[in-house]
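Working notes for the structure below.
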Amino acid sequence: MAETPSPSACLSVVMPCYNEQDHVAECVKRVLESPWVAELIVVDDGSSDGTRSILAGLSDPRVRIFLQPYNQGKGAALRRGFSEASYPFVIVQDADLEYDPAEYGNLLEPLVSGRADVVYGSRFQGNAPHRVLYFWHSVGNKLLTLSSNMFTDLNLTDMETCYKAFRLEVVQSITLEESRFGIEPEITAKVARGKWRVYEVGISYDGRTYAEGKKIGWKDGIRAFYCIVRYSDLGQKLRRTA
């Protein structure tokens, strides 16, 4: 990989957040430690624990907080956050500490150098450390990625990754519809249909268990398969003729 350019504050971080009182303060701290970050847009998706009180106590001027009136899902939170972003590059950061903001430089390098329009951080590439967890989750992720690749003609290794980075004009040109975790295959399908230049970068991953707060479930996997077809070229043709 080419040397990462010298950091500059050119990045809008969009953080969807729901019931993360145990992690959000530390996650915000780590995000703001990155020299790339110009603004952190936190969209609280109707948290019912102490998350909103923690967010209310943040004082860094780079932090912008938006409160959804009720829980609508990650996709709805991302739509709000993307619309509010104002810096040249945008990245998604979950509030659960599974992904490391110290890796922003590696993710941004293909964007900053002008070679890419979209960059995916892959948990299945490279030699960065990964916590060992659920076998069937990894199988499901790989099946979803394979299915997505079949419909998009991309060769991604990790379609479901949280770490997706964009040029601002790219992400704000995409009309997103999904309100929950179906947002991941929807974004991928619409990026592919837009013929944007896509790169992948290996990242670390500190996954958590359901006891530690993991939220995605098997129903989200079923919806993801549906969205892979729905937002593909074939799905769009079927919708137009229906």
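What follows draws every value from the coordinates through simple rules; no lab data is involved. Everything quoted here is computed from the prediction, not taken from an experiment. Cβ coordinates were reconstructed from backbone atoms using ideal geometry, including for glycine residues, and neighbour counts include every protein chain displayed.
The table below gives the values:
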{"read-out": "Cα Rg, Dmax (largest Cα-Cα span) when computed across the stretch 67-141, Å", "value": "15.1, 41"}
{"read-out": "Karplus-derived 3J(HN,Hα), 6.51/-1.76/1.60, for each residue of the stretch 98-103, Hz, glycine and proline x", "value": "6, 10, 9, x, 5, 9"}
{"read-out": "Rounded FRET efficiency, nearest 0.05, which uses the C-beta distance separating residue 229 from residue 139 and R0 of 22 Å", "value": "0.65"}
{"read-out": "Helix-derived mean residue ellipticity, 222 nm - over the chain, DSSP H n ≥ 4, -39500 (n - 2.57), to 500", "value": "-11000 deg cm²/dmol"}
{"read-out": "For the stretch 1-97: span of alpha carbons on each principal axis (Å, largest first)", "value": "43, 25, 24"}
{"read-out": "The stretch 5-19 - phi-based ³J(HN,Hα) in whole Hz, Karplus 6.51/-1.76/1.60, Gly and Pro as x", "value": "x, 4, x, 9, 6, 10, 10, 9, 9, 9, 10, x, 8, 8, 6"}
{"read-out": "FRET efficiency estimate (nearest 0.05) - Cβ-Cβ, residue 65 to residue 195, R0 25 angstrom", "value": "0.10"}
{"read-out": "Taking 227, 10, 27, 17 and counting other C-beta atoms within 10 Å, the order from fewest to most", "value": "10, 27, 227, 17"}
{"read-out": "Amide H contacts under 5 Å for residue 159, placed H, 5+ residues apart", "value": "145"}
{"read-out": "Prolate/oblate/rounded call for the stretch 11-241, Cα gyration tensor, a/c under 1.5 rounded", "value": "rounded"}
{"read-out": "Under the span-like rule (Cα at least 20 Å along the axis, Kyte-Doolittle mean at least -0.5), DSSP H helices of the chain", "value": "135-152"}
{"read-out": "³J(HN,Hα) computed for each position of the stretch 38-45 - Karplus, 6.51 cos²θ - 1.76 cosθ + 1.60, integer Hz, glycine/proline x", "value": "9, 8, 10, 9, 9, 10, 7, 9"}
{"read-out": "Long-range HN-HN contacts of residue 21 with modeled amide H, under 5 Å", "value": "50, 51"}
{"read-out": "GNM flexibility winner over the chain from 115, 180, 64 (Cα, springs under 10 Å)", "value": "115"}
